[in-house]
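J.: I am attaching a structure below and will ask some questions about it afterwards.
None of the figures in this text is laboratory data; all of them are computed from the coordinates on show. Quantities reported herein were computed from a predicted structural model and do not represent experimental measurements. Don't worry about glycine lacking a Cβ; one is built from the backbone with ideal geometry, like all the others, and counts go over all protein chains shown.
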Amino acid sequence: MKIYVAGHRGMVGGAILRRLQTRKNAGEAIDLVTRTHAELDLTSQAAVRAFMAEERPDVVILAAAKVGGIHANNTYPAEFIYENLMIEANVIHEAYANGVTRLLQLGSSCIYPKAVPQPMREDALLTGTLEPTNEPYAIAKIAGIKLCESYNRQYGTDYRSVMPTNLYGPGDNFHPENSHVLPALIRRFHEAREDGLKSVTIWGSGTPRREFLHVDDMADASLFVLDLNKSTYEANTDPMLSHINVGCGADISILDLAKLVAQVAGYEGEIETDPSKPDGTMRKLMDVSRLSDMGWNASISLEDGIRETYQWFLDNQSQIRA
């Protein structure tokens with residue numbers, strides 16, 4: 001079986017590739033196909049068409065995306081909607097055009113409305129207004145879901161979508177401005193300890209709550225969903241509501257998260273908040289009952305995951321962008 005992993009150098013794609021490589025080493029008949037961005041620009045329809053025609057994979061895992069935190073989404077909204085729409089449209093359509101019957105697309109919990117009942121169920125999709133700070137990215141991810149569902153309806157393909165909560169882990173982006181909250185906090189508290197700072201100020205009030213899932217758990221869940229037989233998948237989803245939430249089912253306030261990261265990083269100074277900065281959505285907790293009922297649950301605790309991620313950060317500082 002030839003499997004193309006799009007976005008294999010990203011945090012999630014890399015974790016999925018590692019798991020597939022482990023399967024291959026254990027004797028599964030898997031031929032893994034990857035391309036770097038320099039080798040294949042997924043926003044180019046012509047390039048993707050030529051690649052799919054040449055490789056003709058049996059399975060596609062679409063983990064490639066332009067991602068970032070609140071600052072990045074606010075600063076580059078045009079890039080976030082354009083690049084993600086183009087990636088999804090090109091990969092999904094050319095996969096179909098070249099006979100790919102199985103595809104897994106990775107999305108994001110930001111697809112759900114801002115004022116949505118918690119925890120967020122799959123059927124909350126398209127029931128209200130999106131969070132303005134990441135609306136362009138969310139629109140693109142919703143389009144990806146609907147692309148998969150539409151090709152399934154019209155062409156009989158088996159294209160599935162999983163919607164992860166906030167992810168973190170080895171290979172994360174630790175850029176001081178364009179990263180997500182957890183890796184940003186890891187870097188901030190590490191540098192504060194190194195520089196002997198007496199206090200660290202975090203964005204917002206500290207009261208919003210977020211759910212976090214280790215990337216290795218996400219990779220495991222992704223392959224679990226991909227491997228489900230079609231009858232089981234269809235019995236637990238609907239043709240036009242087919243995406244599946246992936247999370248751990250528990251959340252934590254940003255302030256408590258900061259305290260936990262500070263503890264792991266060995267920072268003993270004060271933690272202050274800056275309510276003048278945006279909080280974003282006040283709570284984003286996934287309802288993961290659909291996936292749990294099918295037999296999958298997260299296994300890596302938040303503290304253990306942060307400790308592992310911090311150690312990866314320490315071991316790879318020379319490769320992390322300033």
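J.: Can you work out ³J(HN,Hα) from phi for every residue in region 141-149, in order, using Karplus 6.51 cos²θ - 1.76 cosθ + 1.60 and θ = phi - 60°, giving whole Hz and x for Gly and Pro?
T.: 5, 5, 4, x, 4, 5, 4, 4, 5
J.: Using θ = phi - 60° and the Karplus relation 6.51 cos²θ - 1.76 cosθ + 1.60, list the HN-Hα couplings for region 298-308 in order, rounded to whole Hz, with x at every Gly or Pro.
T.: Each residue's phi maps through the Karplus curve to give 5, 10, 9, 5, 4, 5, 4, x, 5, 4, 5 Hz.
J.: Tell me the label-point distance for the pair residue 54, residue 97, using the 7 Å Cα-to-Cβ offset, in nm and rounded to one decimal.
T.: Spacing of the two 7 Å Cα→Cβ label points: 1.6 nm.
J.: Relative to the longest principal Cα axis of the chain, at what angle does helix 181-195 sit, 0 to 90 degrees, rounded to 10?
T.: Taking Cα atoms only, the helix is inclined about 40 degrees.
J.: With springs connecting C-alpha atoms under 10 Å apart, model the chain as a Gaussian network and identify which of 195, 220, 287 has the largest mean-square fluctuation.
T.: Of 195, 220, 287, the Gaussian network model singles out 195 as fluctuating most.
J.: Considering amide H positions built from the backbone, and no H for Pro or chain starts, which residues 5 or more places from residue 202, or on another chain, come under 5 Å of its amide H?
T.: 272, 273, 274
J.: Taking a threshold of 23 Å on the Cα-Cα distance, which of the pairs 66/114; 230/284; 146/277; 198/284; 66/259 fall above it?
T.: 230/284; 146/277; 198/284; 66/259
J.: If you don't mind, another one. Taking amide H atoms as placed 1.01 Å from N in the peptide plane, list the residues 5 or more away in sequence, or in a different chain, whose amide H sits under 5 Å from that of residue 114.
T.: Close amide H contacts, sequence-distant or interchain: 129, 130, 131.
J.: Just to be sure I follow: if Rg is taken over the C-alpha atoms of the chain and Rh is the Kirkwood radius over the same atoms, what is Rg/Rh?
T.: Across the chain, the Cα-based Rg/Rh ratio is 0.96.
J.: Here's something else I'd like to know. Given H placed 1.01 Å from N in the peptide plane, which residues other than close sequence neighbours of residue 246 have an amide H under 5 Å from its amide H?
T.: 163, 165
J.: Fewest Cβ neighbours within 10 Å first, please rank 294, 240 accordingly.
T.: Result, fewest neighbours first: 240, 294.
J.: Summarise the long-distance tail of P(r) for region 77-181 by giving the % of C-alpha pairs beyond 24 Å.
T.: Counting pairs separated by more than 24 Å, the tail of P(r) holds 30 percent.
J.: Which of 101, 281 comes first, and how do the rest follow, when ranked by fewest Cβ neighbours within 10 Å?
T.: Lowest to highest Cβ neighbour count: 101, 281.
J.: Let me ask something else about it. Which of 71, 180 has the fewest other C-beta atoms within 10 Å, and how do the rest follow up to the most?
T.: Least crowded to most crowded, the residues run 71, 180.
J.: Ok, one more. Give me the three principal axis extents of region 173-248 from the C-alpha atoms, as integers in angstrom, largest value leading.
T.: Projected onto its principal axes, the Cα set of region 173-248 covers 58, 24, 20 Å.
J.: Which of 193, 23, 121 moves most in a GNM of the chain, Cα contacts under 10 Å?
T.: Largest GNM mean-square fluctuation: 23.
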